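The next block holds one structure in the form of structure tokens; read it before the comments.
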Amino acid sequence: MVIGLRHIPGGLVALALGASVACSTPAPPPAPTAAPAAPAAAAQPAAAASPQVFTAGAAPQNATANCSGSLRKLTIGVAVAPPNVVHTSPFVARGLGIFAKRCIDANIVQFEGGLSQTSLTAVAQGSAMGPLNEAAIGAGLKGKQVWGMAPKLPQAYVVGENIKSAADLKGKRLSAAGGGVGSFNWVMGREILKSAGMTVDDVQFISQATAGRLPGLVAGQLDGVALHPEDLYLAQKQKPGVHVLVNLSDFLPLYFFNAYGVSDDFLASDRALVRDAVASLIEANRAIYSDKAKVVPIMVQATEKPQDAVEFAYDYLVKNCVWSVNTGYKPERTTWTVDLAVSNGDIPADKKPGYDQIVAQSLGDEALAAVGGPTTISGCGD
């Protein structure tokens, strides 16, 4: 069969398949449920079910040779199950022995959405280093961001064939995967609706597992969803006609996508472990940019996605400097994202946190010094 490439505004390149190409039948998506339209009041997250443990990218057995005594235990959370390509930095750090080189035994677990209550509870209780956003800190979570994994948004907002503009989403079904109201997909959907003068009350948000985003779109259960590059690639193979409404990095260019954080207590009690973990993750991101041949097999195992889809995503993420190369700290991104959260009512105006309340700048500087200081790779330098 002949497969042509077509360019989508903002840089994502997706497959354009002829009508004669047969599509594989996707697995049926998990049964979705409708999410409420209005955000719940901000509160400290409540504990939920234990997260799933990932084994992909296990460290080499002999990596402990330079460590005296036992390795230091660290639980690291990833935002999606299974993770998307952009989320695989901890797997690379473990798989290449980078964590073990600094005497860290990293236990990687998944939480159903980086903004889910389970994920934020694990961070707040000091039991994990994991995704931590500005709104959670503004709502009272006592923690700090310690590493900006991916400052830029990697996703596109993908819609069904008959959706030509944001206005066409009125009355449609949009994803609220990974936590329902307040989840990343819900927040992105809300911003898309605002651009057409609509609110969350003008659509039906569907709460589902993050793994249901792609099959939900392909099966027609969703009319709009934020998809990562590998899932866009697969969606257009499986259901020609679905297309990008907007690349989110173009739509929200200063939105801070993903930062890792720890509780204030965790940082105070074991600063050296947090610093060494961040140094390992910075080194892992640099390896991602520098050694595609070594990291792609780890990404394929972790994501459970076909290699061609993973390589498509890898190429897009590297070309667009989505992964950080240094600490990932960008004060202007943090400030803009906080202002957006305040304007949307996610953070009360009288509790708006400042940059120093959100980011452990000195910790990041220490970790950056441990890997030789700031650098630029292929024009990327966040």
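For the reader, a short list of remarks on this structure follows.
- For residue 234: the one exception among (1) assigned by TED's automatic domain parsing to the domain that holds residue 364; (2) in a helix (DSSP H, G or I); (3) touching a residue at least 40 places away in the same chain (Cβ under 8 Å); (4) closer than 25 Å to residue 217 by Cβ: (1)
- Residue count for region 343-354 satisfying the condition of being surrounded by fewer than 22 Cβ atoms within 10 Å (Cβ to Cβ) and either under 21 Å from the mean Cα position of the chain (by Cα) or touching a residue at least 60 places away in the same chain (Cβ under 8 Å) (or both): 7.
- Yes/no for residue 338 being under 19 Å from the mean Cα position of the chain (by Cα), closer than 30 Å to residue 287 by Cβ and surrounded by 15 or more Cβ atoms within 10 Å (Cβ to Cβ): no
- Given (1) under 20 Å from the mean Cα position of the chain (by Cα); (2) surrounded by fewer than 24 Cβ atoms within 10 Å (Cβ to Cβ); (3) over 21 Å from residue 156 (Cβ atoms), number of the condition residue 260 does not satisfy: (2)
Residues are listed down the side, and each one gets a yes or a no for (1) surrounded by fewer than 22 Cβ atoms within 10 Å (Cβ to Cβ); (2) modelled with pLDDT under 85:
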residue: 83; (1), (2): no, no
residue: 90; (1), (2): no, no
residue: 94; (1), (2): no, no
residue: 98; (1), (2): no, no
residue: 103; (1), (2): yes, no
residue: 107; (1), (2): yes, no
residue: 119; (1), (2): no, yes
residue: 122; (1), (2): no, yes
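- Conditions (1) in contact (Cβ under 8 Å) with a residue 12 or more places away in the chain; (2) part of a loop (DSSP other than H, G, I, E, B); (3) polar (S, T, N, Q); number of the one not met by residue 162: (1)
- Summed over region 140-159, residues that are over 21 Å from residue 268 (Cα atoms) and in a loop (DSSP other than H, G, I, E, B) total 5.
- Criterion violated by residue 146 - all others in (1) at pLDDT 95 or above; (2) at negative phi; (3) outside the structural domain of residue 125 (by TED's automatic domain parsing) satisfied: (3)
- Residues that are in contact with a strand residue (DSSP E or B) (Cβ under 6 Å, 6 or more places away or on another chain) and on the phi > 0 side of the Ramachandran plot within region 264-322 comprise just one, 321.
- Residue match in region 342-362 (condition: hydrophobic (A, V, I, L, M, F, W, C), assigned to a loop (DSSP other than H, G, I, E, B) and at pLDDT below 95): yes
- The residues of region 190-222 that are under 16 Å from the mean Cα position of the chain (by Cα) and either over 20 Å from residue 131 (Cα atoms) or in a helix (DSSP H, G or I) (or both), listed by number, are 210, 211, 212, 213, 214.
- Remark: pairs (first residue in region 169-192, under 16 Å from residue 221 (Cα atoms) and assigned by TED's automatic domain parsing to the domain that holds residue 226; second residue among the basic types (Lys, Arg) and in a helix (DSSP H, G or I); Cβ separation under 8 Å; 6+ apart in sequence or on different chains) = 175/213; 177/213; 185/213.
- Residues (more than 20 Å from the chain's Cα centre (by Cα) and of a type in the set (S, T, N, Q)) located in region 263-292: 269, 290
Let's see how each residue does on (1) within 21 Å of residue 100 (Cβ to Cβ); (2) surrounded by fewer than 18 Cβ atoms within 10 Å (Cβ to Cβ):
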{"residue": "267", "(1), (2)": "no, no"}
{"residue": "270", "(1), (2)": "yes, yes"}
{"residue": "273", "(1), (2)": "yes, no"}
{"residue": "292", "(1), (2)": "no, yes"}
{"residue": "300", "(1), (2)": "no, no"}
{"residue": "308", "(1), (2)": "no, yes"}
{"residue": "312", "(1), (2)": "no, no"}
{"residue": "315", "(1), (2)": "no, yes"}
{"residue": "318", "(1), (2)": "no, yes"}
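- A single entry from 122, 100, 136 fulfils the requirement of being of a type in the set (A, V, I, L, M, F, W, C), in a helix (DSSP H, G or I) and under 25 Å from residue 249 (Cβ atoms): 136.
- Some residue of region 289-312 being hydrophobic (A, V, I, L, M, F, W, C), out of contact with any Leu (no Cβ under 6 Å at 6 or more places or on another chain), over 20 Å from residue 231 (Cα atoms) and in the same structural domain as residue 97 (by TED's automatic domain parsing): yes
- If the condition is being within 17 Å of residue 133 (Cα to Cα) and among the β-branched types (Val, Ile, Thr), then region 254-277 contributes only 262.
- Residue list for region 258-282, restricted to those being of a type in the set (A, V, I, L, M, F, W, C) and either at pLDDT below 95 or part of a strand (DSSP E or B) (or both): 259, 262
- Subset tally (residues that are in contact with a strand residue (DSSP E or B) (Cβ under 7 Å, 6 or more places away or on another chain), without any contact (Cβ under 8 Å) to a residue 60 or more places away in the chain and among the small types (Gly, Ala, Ser)) for region 65-85: 1
The values are calculated or read from the model by the stated rules, or taken from the named source; none is laboratory data. As the structure is a prediction and not an experimental result, all values here were calculated from the model. Methodologically, a virtual Cβ is constructed for each residue, glycine included, from the backbone with ideal geometry; neighbour enumeration extends over all protein chains shown.
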